[in-house]
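The structure appears right after this line, and notes come after that.
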Amino acid sequence: MATRNTWKQKDLTGIETLSRAEIDQIFAQADRLLPTLDQEQSPPLLRGRTIVNLFLEPSTRTRTAFEISAKRLGAEVVSINTTGSSLVKGETLRDTALNIQALKADAIVLRHSSAGAAAYLGRALDISVINAGDGAHEHPTQALLDAYTLKRKFGKTDGLKVTILGDILFSRVARSDILCLAKLGVEVTLAGPATLVPARLAEAFPGVRIERNLRKALSSADAVMLLRIQHERQTTTHFPSLAEYTSQFGLNEARASWLKPKAIIMHPGPINRGVEVESALADGSRSVILSQVTHGVAIRMAVLHLCIGARAR
Amino acid sequence: MNAPDPTPLWIRDARVIDPTSGRDEARADLFVKDGLIVERLSPKDQKSARRINGKGLVAAPGFIDLNCRLGEPGRPSRETIRTGTLAAAAGGFTTVLTMPDTSPCVDNAGTLQLIREICSRDASVRVIPAGTLTKGHEGKALAPLGSLAKAGVLAVTDTISGVQNNEIMRRALEYAAMFGLVVLDHCQDSSMTDGAQMHEGAISLRLGLRGFPSASEDIVAASDCALAELTGARIHLQHLSSSRTVETVRRARSRGAQVTAEVSPLHLLLTDAALVGYDTRLKLNPPLREESDRQALLAALAEGVISVIASDHSPYHATDKDCEFDQAPFGASTIEVAFSAAYEAAVLSGAIDLPTLIARLTSGPASVLKLEAGSLRAGTPADIVLLDLKSKWTPTAKNQHSLGGNNPLIGRTLHGKVAGTFVGGRQVA
């Protein structure tokens, strides 16, 4: 595992702060680790290390993926979720994290409802902070696994066209995906209701294109990335109803027929079957949704190893 | 407040600027006796006078702040009237209008009396408490404006809560005008700003933070202007942030509406680009907006469409701001850096000249409150500020008087410093 000596970042708080070379380094490491997932053991690169999953917002998939990734590498994992934490007793995030550091943990994997929370902790702590989602800001490991899935599927990322469809406004996945894909030479198109895909996104993320015509947005894409409609974040003003969303923007067989023959369907999960995607499509031959999940383990192993393993205790 | 200093004061060889009279003399003297500005001192008084060498300094009327919070009553860990007025003095302010959203709030003469008592003991500068416009600044029923006016209140406002109901604002304007009260309004349509953290624009989209659309300010400013025209009453719009609002105020004024407006130094100096690192100290309401907004505010300041620079001093303990961005309170501790920030943003940039800046800090706010203060006219109280424009300085957590740990300009090199502040001829900073 020669690459780890060149890794400089203590934290992974966002895609924004990663260079293309660093993304390639993560992918190279994931390439080495991915085959070991089918073996009894992966290399114990983090043996003797302790990782704390600090999940202050509900999550099953991401927390489990981080937990499995860390355990595969031989690390001890402790998970803290909102109800079990002293934050409900009024302790600040900073104090909670300083305590975890004082307990001699090597890293915190943070899921938090506040945008900027991971970078805030990264500055406050000497140990590694890995962002597992901060508000509507970033979810870097999801974006890395999405891009990694594209790379494995198409053999490259440069020149690919990806359409992200759905709730961009409230989505940290969308933001990280846009940044990550742009760094990897992918042309990104955004589509969905104007209330959830505001025009100024094109200014916020130079290079992305907004396409209001769904057919045009789908027919040019090598991959379509569907985003879950986050009922819990939206006020009722953003669209009339889930049924209306499905009728206007849901991916069904008719709309999937506009896709290129080899185009793939991606989704970060959890899926709302029958809302943003028809069940048959989610399970169909174009879907790579479950490969994304497996790739997520390899990507998170790579990230944990690079950020934590590269640092002396 | 202390009694006037009996020692005569003689400020020599300063550049004297007095916007009310249009005076700008490169080298002149100012004389003070018994707390009042006088034309000259008698030979005997000249001998006993305290002499201050004003060479290289600007002497101007003491600044008047229309928008600040001094913690008391209710939040003495953030600021007290003692520390807040020391900070005001250090910032060159000799008169400050305090916002009424204290605890208890100033919707009754009793709280007013309490503040007066604390001030008579602790205040270094003149404190004028504003009253609330509605009871408990809840926007539902009018506060007893007549009683507040009788108790000496000059201005009423619901501050950051804003008034969300146009019928209440209309009646408030009509009723307040009877008593000569000026209504101040924070323009924000709260139905559009649920969960908002910063200006809505490209940066908020990038950061994943909910935004205050400019329109949430423009809409209320437009309705306020319409109601000022309907009622013929005076209204003063607090801390403008958006270019559209500036345009709305300009048009209303050109039609003769009695509308005045203010801006904060931070809105003249910075934009939402400064929030890229989620700096909670720059989390403000109204939020820092875009460069085009900042330029429009500077242009309006030059024209006089904005006639007031107000500090918007909102002190918080440093730990209150040491948290996740969306958990942090809005506001910045600014009263000590207000002049320097405005000087850099407006004068050093070439947008306005120094006498205009001083007018916006003195005669502008004085005319909103219809105060006698804000000039160097003989016979008026000797509220004077001395400015050293050449001086560079860096505010630190230690060299400030305010308890507010949320001064966003700490560590930044500032240009132009307050070299002395006199209230009624007595030096307070």
Legend entry - Computed [θ] at 222 nm, deg cm²/dmol, chain B (DSSP H ≥ 4; -39,500 (n - 2.57); rounded to nearest 500): -8500 deg cm²/dmol
Legend entry - Straight-distance crosslink candidates among lysines, where the alpha carbon sits under 27 Å from B:Lys370 and sequence neighbours closer than 8 are dropped: B:Lys33, B:Lys135, B:Lys150
Legend entry - Percent breakdown of C-alpha pair distances by 10 Å bin, ordered from the shortest bin, for chain B: 5, 23, 33, 27, 10, 2, 0
Legend entry - Cβ-placed point charges (K, R +1; D, E -1), dipole of the protein assembly as shown about Cα centre in debye, nearest 20: 1400 debye
Legend entry - Overall dimensions of region A:66-197 as given by Cα atoms, namely Rg and Dmax in Å: 17.2, 51
Inset, instruction - Excluding residues fewer than 8 places away in the same chain, name every one of the lysines whose C-alpha is closer than 16 Å to that of A:Lys151. - result: A:Lys161, A:Lys183, A:Lys262
Inset, instruction - Could you give the size of the charge dipole of chain B about its Cα centre, using +1 on the Cβ of each K and R and -1 on the Cβ of each D and E, expressed in debye and rounded to the nearest 20? - result: 1360 debye
Inset, instruction - Among A:Gly74, A:Gly48, A:Gly135, determine the one that fluctuates most according to a GNM of chain A built with springs between C-alpha atoms less than 10 Å apart. - result: A:Gly48
Legend entry - Cα pair distances in the protein assembly as shown, grouped into 10 Å bins until the bin that holds the longest one, percent each: 3, 13, 20, 20, 16, 13, 9, 4, 1, 0, 0
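Sort B:Leu268, B:Leu371 so that the residue with the fewest other Cβ atoms within 10 Å of its own Cβ comes first and the one with the most comes last. It would help to have the intermediate numbers written out before the result.
Details: B:Leu268 22, B:Leu371 17.
Lowest to highest Cβ neighbour count: B:Leu371, B:Leu268.
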Legend entry - Neighbour-count ranking [beta-carbon atoms within 10 angstrom, fewest first] of A:Glu40, A:Glu22: A:Glu40, A:Glu22
Inset, instruction - Would you work out which of A:Ala21, B:Ala429, B:Pro213 lies farthest towards the positive end of the dipole of the protein assembly as shown, given +1 charges on the beta-carbon of Lys and Arg and -1 on that of Asp and Glu, about the Cα centre? - result: A:Ala21
Legend entry - Test item: Cα-centred dipole of region A:140-289, Lys/Arg +1 and Asp/Glu -1 on Cβ, debye: 400 debye
Inset, instruction - Please give the helix B:81-90 orientation as an angle from the longest Cα principal axis of chain B, in degrees from 0 to 90, rounded to the nearest 10. - result: 70 degrees
Legend entry - Inverse of mean 1/r across different Cα pairs in region B:70-119, Kirkwood, Å: 11.1 Å
Inset, instruction - Treat each spin label as a single point 7 Å out from the Cα along the C-beta direction, and report the B:Ala141 to A:Asp24 distance in nm. - result: 7.2 nm
Inset, instruction - At a Cα cut-off below 18 Å, give the aspartates and glutamates reachable from A:Lys153, other chains included and same-chain residues fewer than 8 away excluded. - result: A:Asp24, A:Asp31, A:Asp177, A:Glu187, A:Asp222, A:Asp283
Inset, instruction - Please pull out the direction-averaged projected area of region B:319-370, using the convex hull of its alpha-carbon atoms, in nm² to one decimal place. - result: 5.5 nm²
Inset, instruction - Would you mind getting me the FRET efficiency between B:Ala226 and A:Thr195? Use the beta-carbon distance for r and R0 = 41 Å, nearest 0.05. - result: 0.90
Inset, instruction - Starting from the eigenvalues of the Cα gyration tensor, five times each then square-rooted, give me the equivalent ellipsoid semi-axes of chain A, largest first, whole Å. - result: 32, 22, 17
Legend entry - Environment charge of B:Leu414, counting only residues whose C-beta is closer than 14 Å and scoring Lys/Arg +1, Asp/Glu -1: +1
Legend entry - Whole-Å distance, taken between Cα centres, linking region B:83-122 and region B:176-229: 26 Å
Inset, instruction - Putting +1 on Lys and Arg Cβ atoms and -1 on Asp and Glu Cβ atoms, find which of B:Ala342, B:Gly180, B:Thr95 reaches farthest to the positive end of the dipole of region B:62-375. - result: B:Gly180
Inset, instruction - Along Cα→Cβ, 7 Å out, is where each label goes; now give me the distance between the ones at B:Thr394 and B:Asn165 in nm to one decimal. - result: 5.2 nm
Legend entry - Semi-axis lengths (Å, descending) of the ellipsoid that matches the C-alpha gyration tensor of region A:140-289: 21, 18, 14
Inset, instruction - Under 1.5 on a/c is rounded, so check that first for region B:1-160, then, if it is not, pick prolate when a/b is larger than b/c and oblate when it is not; a ≥ b ≥ c are the square roots of the alpha carbon gyration tensor eigenvalues. - result: prolate
Inset, instruction - Would you kindly derive the ³J(HN,Hα) couplings of region B:216-226 from the backbone phi angles with the Karplus curve 6.51 cos²θ - 1.76 cosθ + 1.60 (θ = phi - 60°), listing them in order in whole Hz, with x for Gly and Pro? - result: 5, 8, 4, 4, 6, 4, 5, 5, 4, 5, 4
Inset, instruction - Just grab the label-to-label distance for A:Lys216 and B:Ala302, each label 7 Å out from Cα along the Cβ direction, in nm (one decimal). - result: 4.1 nm
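Throughout, read-outs are computed from the coordinates displayed, never taken from laboratory work. Being a predicted model, the structure only gives us computed values, none of them experimental. Positions of Cβ are backbone-derived with ideal geometry, glycine not excepted, and every protein chain shown enters the neighbour counts.
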